[in-house]
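> Shown below is the structure under consideration.
The values are calculated or read from the model by the stated rules, or taken from the named source; none is laboratory data. None of the values given here were measured: they were computed from a predicted structure. Glycine gets a Cβ as well: all are built from the backbone with ideal geometry, and neighbour counts include every protein chain shown.
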Amino acid sequence: MIEIVPVMLFILGWHPDKPGDIDLQRVEVIFASPAECEAAGSKMASRMTQAAAEQSGATYEHRCMEIPAVEEFEAAFGGERSPAK
């Protein structure tokens, strides 16, 4: 059996004139592999940076993170159940 670890994509944006003011967005798509997430994230962040270049000058990057297993989530949050359960 092949184990699939789902991966979430986050887009981070910031403006050079506003240090410390970061826009964090979680993309509403779950990826089946880190490679798929990286490819989509790179493309999305690049497009967003290009679109903002003439308007706000904001810069965007992406980060991919594996969704933690239920056991890992419970250990991190003191045994509390995730909202999805």
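> Considering only residues that are among the hydrophobic types (A, V, I, L, M, F, W, C) and in a helix (DSSP H, G or I), look in the stretch 27-46 and name the one that is surrounded by the fewest Cβ atoms within 10 Å (Cβ to Cβ). I'd like the intermediate steps shown before the answer.
The first filter runs over the stretch 27-46 and keeps only residues among the hydrophobic types (A, V, I, L, M, F, W, C), leaving 27, 29-32, 35, 37, 39-40, 44-45.
Keeping just the survivors that are in a helix (DSSP H, G or I) gives 35, 37, 39-40, 44-45.
Numbers: Ala35: 11, Cys37: 24, Ala39: 13, Ala40: 17, Met44: 17, Ala45: 19.
Filtering the stretch 27-46 for residues that are among the hydrophobic types (A, V, I, L, M, F, W, C) and in a helix (DSSP H, G or I), the one surrounded by the fewest Cβ atoms within 10 Å (Cβ to Cβ) comes out as Ala35.
> Among the numbered conditions (1) out of contact with any Asp or Glu (no Cβ under 8 Å at 6 or more places or on another chain); (2) surrounded by 15 or more Cβ atoms within 10 Å (Cβ to Cβ); (3) at pLDDT below 90, tell me where Glu74 comes up short.
Against the list (1) out of contact with any Asp or Glu (no Cβ under 8 Å at 6 or more places or on another chain); (2) surrounded by 15 or more Cβ atoms within 10 Å (Cβ to Cβ); (3) at pLDDT below 90, Glu74 comes up short only on (1).
> Let me ask something else about it. Here's a check for you: in the stretch 47-56, which residue that is of a type in the set (A, V, I, L, M) and surrounded by 12 or more Cβ atoms within 10 Å (Cβ to Cβ) is nearest to the chain's Cα centre (by Cα)? Steps first, please.
Applying the first criterion (of a type in the set (A, V, I, L, M)) to the stretch 47-56 yields 48, 51-53.
The next check asks that each one be surrounded by 12 or more Cβ atoms within 10 Å (Cβ to Cβ); those that pass are 48, 51-52.
Working: Met48: 14, Ala51: 19, Ala52: 19 Å.
Looking at the filtered set, the residue picked out is Met48.
> Filter the stretch 57-67 down to residues that are in a loop (DSSP other than H, G, I, E, B) and surrounded by 15 or more Cβ atoms within 10 Å (Cβ to Cβ), then give me how many there are.
Summing the residues that are in a loop (DSSP other than H, G, I, E, B) and surrounded by 15 or more Cβ atoms within 10 Å (Cβ to Cβ) in the stretch 57-67 gives 1.
> Please go through the stretch 1-43 and give me each residue that is among the aliphatic types (A, V, I, L, M) and over 20 Å from Ile67 (Cα atoms), ordered by number. Quick ask: steps written out before the conclusion?
The initial filter retains those residues of the stretch 1-43 that are among the aliphatic types (A, V, I, L, M), namely 1-2, 4-5, 7-9, 11-12, 22, 24, 27, 29-30, 32, 35, 39-40.
Across the stretch 1-43, the qualifying residue is only Ile22.
> OK, next. How many residues does the stretch 14-46 contain that are more than 10 Å from the chain's Cα centre (by Cα), modelled with pLDDT of 95 or more and within 20 Å of Ala58 (Cα to Cα)?
Qualifying residue count, the stretch 14-46: 6.
> Follow-up. Would you mention how many residues in the stretch 1-13 are under 23 Å from Ala58 (Cα atoms) and aliphatic (A, V, I, L, M)?
Pass one, the stretch 1-13, residues under 23 Å from Ala58 (Cα atoms): 8-13.
Still in the running and aliphatic (A, V, I, L, M): 8-9, 11-12.
Number of matching residues: 4.
> Okay, moving on. Looking only at the stretch 18-65, how many residues end up being in contact (Cβ under 8 Å) with a residue 24 or more places away in the chain, of a type outside the set (A, V, I, L, M), over 18 Å from Pro6 (Cα atoms) and in contact with a Ser or Thr (Cβ under 9 Å, 6 or more places away or on another chain)? Before you say what the answer is, go through the steps one by one.
Here is the first cut: in the stretch 18-65, the residues in contact (Cβ under 8 Å) with a residue 24 or more places away in the chain are 23, 30-34, 36-38, 40-41, 44-45, 48, 52, 56-65.
After this cut, where a residue has to be of a type outside the set (A, V, I, L, M) as well, the list is 23, 31, 33-34, 36-38, 41, 56-57, 59-64.
Going one step further and asking which of them are over 18 Å from Pro6 (Cα atoms), we end up with 23, 56-57, 59-61.
Subsequent filtering for residues that are in contact with a Ser or Thr (Cβ under 9 Å, 6 or more places away or on another chain) retains 59-61.
Number satisfying all stated conditions: 3.
> For the stretch 11-26, indicate whether the set of residues that are exposed (fewer than 15 other Cβ atoms within 10 Å of the Cβ), in contact with a Phe, Trp or Tyr (Cβ under 6 Å, 6 or more places away or on another chain), in a loop (DSSP other than H, G, I, E, B) and on the phi < 0 side of the Ramachandran plot is non-empty.
There is no residue in the stretch 11-26 that is exposed (fewer than 15 other Cβ atoms within 10 Å of the Cβ), in contact with a Phe, Trp or Tyr (Cβ under 6 Å, 6 or more places away or on another chain), in a loop (DSSP other than H, G, I, E, B) and on the phi < 0 side of the Ramachandran plot.
> From the residues in the stretch 1-10 that are of a type in the set (A, V, I, L, M) and either at pLDDT 95 or above or not in a loop (DSSP other than H, G, I, E, B) (or both), which one is surrounded by the fewest Cβ atoms within 10 Å (Cβ to Cβ)?
Step one: list which residues in the stretch 1-10 are of a type in the set (A, V, I, L, M), which gives 1-2, 4-5, 7-9.
Next, from what is left, pick out any that are either at pLDDT 95 or above or not in a loop (DSSP other than H, G, I, E, B) (or both): 7-9.
Working: Val7: 21, Met8: 16, Leu9: 22.
Filtering the stretch 1-10 for residues that are of a type in the set (A, V, I, L, M) and either at pLDDT 95 or above or not in a loop (DSSP other than H, G, I, E, B) (or both), the one surrounded by the fewest Cβ atoms within 10 Å (Cβ to Cβ) comes out as Met8.
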